[in-house]
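*Asks:* The structure under discussion is supplied below as C-alpha cells; questions concerning it will follow.
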Amino acid sequence: VQLQASGGGLVQAGGSLRLSCVASGSTFSRYAMGWYRQAPGNKREWVASITSGGATNHEDSVAGRFTISRDNAKNTVYLQMNSLKPEDTAVYSCRRYGLGKDKEYWGRGTLVTVSS
C-alpha cells in the first residue's frame, strides 16, 4: 500500500488549501483514514480522521476551519483547510489505520506554509 499526499504550498493567513492523499490498492473503503501534522521542533499531532462509514472527527484547534472527507471511488482522502493561520504551518501526512491483522500505513508528507 502506498499513500501519496499532495496539495501543500505557501499561502497567506486567511487563505485556503485542499490536501489530497491517494491510496493504492482496491480495499480503500474498508479503512479509516487520518491526517496528521508535524511542525518544526514539534511532535507529530493528529489533525482529523474519518471512518470507513464517513464519520469524522477533528482536533479542537482546526474544528470549524478544516474538513476531512473521502471519495472511495478515487481512493482519496481530502483535507480542506480554510482560514489558515501561521500556526498551521507544518508537514501534513496521511495515515491509513490498521484493521484487524492489516497494519497501518503512512504516506510522505506535504508541506503547508502559512505566512502572516
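*Asks:* Taking ASN57, is it in contact with a strand residue (DSSP E or B) (Cβ under 7 Å, 6 or more places away or on another chain) and either at pLDDT below 95 or closer than 23 Å to ASP102 by Cα (or both)?
*Replies:* Yes; evaluated as a whole, the condition is true for this residue.
*Asks:* Among all residue pairs at least 6 apart or on different chains, which show Cβ distances below 7 Å where the first residue, located in the range 102-116, is more than 11 Å from GLN4 (Cβ to Cβ) and the second is among the polar types (S, T, N, Q) and open to solvent by less than 80 Å² (accessible area, probe 1.4 Å)?
*Replies:* If the second residue must be among the polar types (S, T, N, Q) and open to solvent by less than 80 Å² (accessible area, probe 1.4 Å), the pairs left are TRP106/SER93; VAL112/THR89; THR113/THR89; VAL114/THR89.
*Asks:* Name the single residue that is surrounded by the fewest Cβ atoms within 10 Å (Cβ to Cβ) among those in the range 84-102 being assigned to a loop (DSSP other than H, G, I, E, B), of a type outside the set (Val, Ile, Thr) and in contact with a strand residue (DSSP E or B) (Cβ under 9 Å, 6 or more places away or on another chain).
*Replies:* Keep residues of the range 84-102 that are assigned to a loop (DSSP other than H, G, I, E, B), which gives 84-85, 89, 97-98, 100-101.
Those still in the list that are of a type outside the set (Val, Ile, Thr) too: 84-85, 97-98, 100-101.
From what's left, in contact with a strand residue (DSSP E or B) (Cβ under 9 Å, 6 or more places away or on another chain): 84-85, 97-98.
Working: LEU84: 22, LYS85: 14, TYR97: 16, GLY98: 12.
It comes out as GLY98.
*Asks:* Same structure again: Checking the conditions here, which among TRP35, TRP46 is within 11 Å of the chain's Cα centre (by Cα) and open to solvent by 60 Å² or more (accessible area, probe 1.4 Å)?
*Replies:* Result: TRP46 is the single residue among TRP35, TRP46 that is within 11 Å of the chain's Cα centre (by Cα) and open to solvent by 60 Å² or more (accessible area, probe 1.4 Å).
*Asks:* To continue, here is another question. For VAL22, indicate whether it is in a strand (DSSP E or B), under 17 Å from GLU104 (Cα atoms), at pLDDT 95 or above and β-branched (Val, Ile, Thr).
*Replies:* Numbers: in a strand (DSSP E or B): yes; under 17 Å from GLU104 (Cα atoms): yes; at pLDDT 95 or above: yes; β-branched (Val, Ile, Thr): yes.
Taking the combined requirement at face value, the residue satisfies it.
The values are calculated or read from the model by the stated rules, or taken from the named source; none is laboratory data. As the structure is a prediction and not an experimental result, all values here were calculated from the model. Because the Cβ atoms are built from the backbone with ideal geometry, glycine has one as well, and the counts that use them run over all protein chains shown. Calculation scope for accessible area: heavy atoms of the full protein, side chains included, ligands and nucleic acids excluded. Shrake-Rupley method; radii C 1.70, N 1.55, O 1.52, S 1.80 Å.
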